[in-house]
Amino acid sequence: MKKDAISAGLFIAIGFLCVAIVIAILIPLVRDVINAADDNKPTIPGVSMIQPLESGTSTVSVQTLSHTAG
């Protein structure tokens with residue numbers, strides 16, 4: 001009877017040890033997966049200030065391309 005109790009106690013202790021090892025391995029892996037999922041967010045562009053050109057200093061040329069079907 002005493003050997004059965006010792007066997008059961010060792011079985012439970014080894015089971016707890018295995019569960020603790022698995023948890024110790026899985027928690028960092030899950031944390032890395034969650035952090036990697038957060039990294040996929042798109043970046044929001046910042047505000048850019050554009051100053052208008054002065055009318056007398058530069059000229060702008062506009063070219064139009066025409067496409068003919070044929």
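Laboratory data are not the source of any read-out in this text; all were calculated from the coordinates shown. This is a predicted model, so every value here is computed, not measured. Cβ sites come from the backbone with ideal geometry, for glycine too, and all protein chains shown count toward neighbours.
The orientation-averaged shadow of the Cα convex hull for the range 1-48, equal to a quarter of the hull surface, comes to 3.9 nm². Converting phi to 3J(HN,Hα) with the Karplus coefficients 6.51, -1.76 and 1.60 and the offset θ = phi - 60°, the range 11-16 yields 4, 5, 5, 5, x, 4 Hz in sequence order, with x at every glycine or proline.
With a simple spin-label model that places each label point 7 Å from the Cα along the Cα-to-Cβ direction, the separation between Ile14 and Met49 comes to 7.2 nm.
Taking label points 7 Å from Cα along the Cα-to-Cβ direction, Val22 and Ile6 give a separation of 2.8 nm.
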